[in-house]
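**Q** To start, I am sharing the structure in question, which I have written as structure tokens.
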Amino acid sequence: MKYSDQDFWTSRYKQQLTGWDVGYPTTPISEYVDQIVNKDLRILIPGAGNAYEAEYLWKKGFKHTHILDIAAFPIKQFIERNPTFPKDQAIQGDFFKHKGAYDLIIEQTFFCSFPPFPESRKAYAKKMYELLNNCGMLVGVWFNFPLTGDMQRRPFGGSKDDYLSYFDPHFSETYMEMCYNSILPRQGSELFGIMKK
């Protein structure tokens with residue numbers, strides 16, 4: 001059976017086949033959020049899934065937080081957990097067709113979720129750039145392990161040099177280093193990155 005992206009991800013969430021989902025915002029994201037002073041930032045979390053990072057932001061007072069996922073099921077679950085979160089900021093849709101302008105986009109297991117072809121990775125970097133306001137930033141974690149060639153086994157990895165080859169043509173400043181505060185199961189396998197428009 002051939003799944004559309006929406007059907008594929010809906011099925012994964014309904015069957016709880018979400019091994020990347022640890023059930024809370026991981027420390028690289030939560031500790032980054034903790035040092036942000038400006039709570040008026042327009043923030044997007046694409047491929048948000050259960051969106052624990054958005055829940056963390058919302059409870060910290062970031063009222064312009066938006067989530068985006070191609071599957072409606074995790075969006076619905078998020079709204080049930082967070083009934084005061086504005087429904088128009090919980091968006092079901094295709095990232096590559098999304099329109100908006102954000103000061104900060106947070107990356108957490110989204111990049112690694114779609115097949116790692118150069119075309120899709122280039123499109124991701126270009127779309128991230130387009131969605132950011134001037135001086136806006138893409139911030140988050142990327143998996144640091146080799147690609148296996150298995151197109152069915154997510155998450156898909158990569159290397160610092162590989163990732164920066166997609167970001168450097170678009171962003172004015174790029175930073176990516178080994179993540180020092182990964183959760184225990186991911187220690188040594190994550191890169192923390194900041195890309196500034």
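**Q** Can you tell me which residue within segment 73-117, out of those that are among the small types (Gly, Ala, Ser) and touching a strand residue (DSSP E or B) at 6+ places or on another chain (Cβ under 9 Å), is surrounded by the most Cβ atoms within 10 Å (Cβ to Cβ)?
**A** Residue satisfying both the conditions and the ranking: Ala90.
**Q** Sticking with this one: Of the conditions (1) part of a strand (DSSP E or B); (2) under 16 Å from the mean Cα position of the chain (by Cα); (3) surrounded by fewer than 15 Cβ atoms within 10 Å (Cβ to Cβ), Glu130 fails just one. Which one is it?
**A** The single condition Glu130 does not satisfy is (1).
**Q** Further, regarding this structure: Quick one: which of Ser172, Ser189 is at pLDDT below 95 and under 27 Å from Gln35 (Cβ atoms)?
**A** Only one candidate passes the filter, namely Ser189.
**Q** Where in segment 21-114 are there helices (runs of 4 or more DSSP H), lying fully within it, with 2 or more residues that are free of Cβ contacts under 8 Å to residues at least 24 places away in the same chain?
**A** Output list reads 72-81.
**Q** Which of (1) at pLDDT 95 or above; (2) out of contact with any helix residue (DSSP H, G or I) (no Cβ under 9 Å at 6 or more places or on another chain) does Phe145 not meet, given it meets every other one?
**A** Failed condition: (1).
**Q** Among Ser182, Ser120, which is at pLDDT below 95, of a type in the set (Ser, Thr, Tyr), crowded, with 16+ Cβ neighbours inside 10 Å and not in a strand (DSSP E or B)?
**A** Step by step, each of Ser182, Ser120 is checked, and only Ser182 is at pLDDT below 95, of a type in the set (Ser, Thr, Tyr), crowded, with 16+ Cβ neighbours inside 10 Å and not in a strand (DSSP E or B).
**Q** What are the residue pairs meeting all of these: first residue in segment 162-178, first residue surrounded by fewer than 19 Cβ atoms within 10 Å (Cβ to Cβ), second residue small (Gly, Ala, Ser) and modelled with pLDDT under 95, Cβ atoms under 9 Å, and 6 or more apart or on different chains?
**A** Note: pairs meeting the criteria are Met178/Gly188.
**Q** While we're looking at this one, here's another question. Against the condition more than 14 Å from the chain's Cα centre (by Cα), of a type in the set (A, V, I, L, M, F, W, C) and within 26 Å of Leu41 (Cβ to Cβ), how does Phe171 come out, does it pass?
**A** Considered against the rule, which asks whether it is more than 14 Å from the chain's Cα centre (by Cα), of a type in the set (A, V, I, L, M, F, W, C) and within 26 Å of Leu41 (Cβ to Cβ), Phe171 comes out as yes.
The values are calculated or read from the model by the stated rules, or taken from the named source; none is laboratory data. Predicted model, so just to flag it, every value in this text is computed and none were measured. Neighbour counts run over all protein chains shown; Cβ positions are idealised from the backbone, glycine included.
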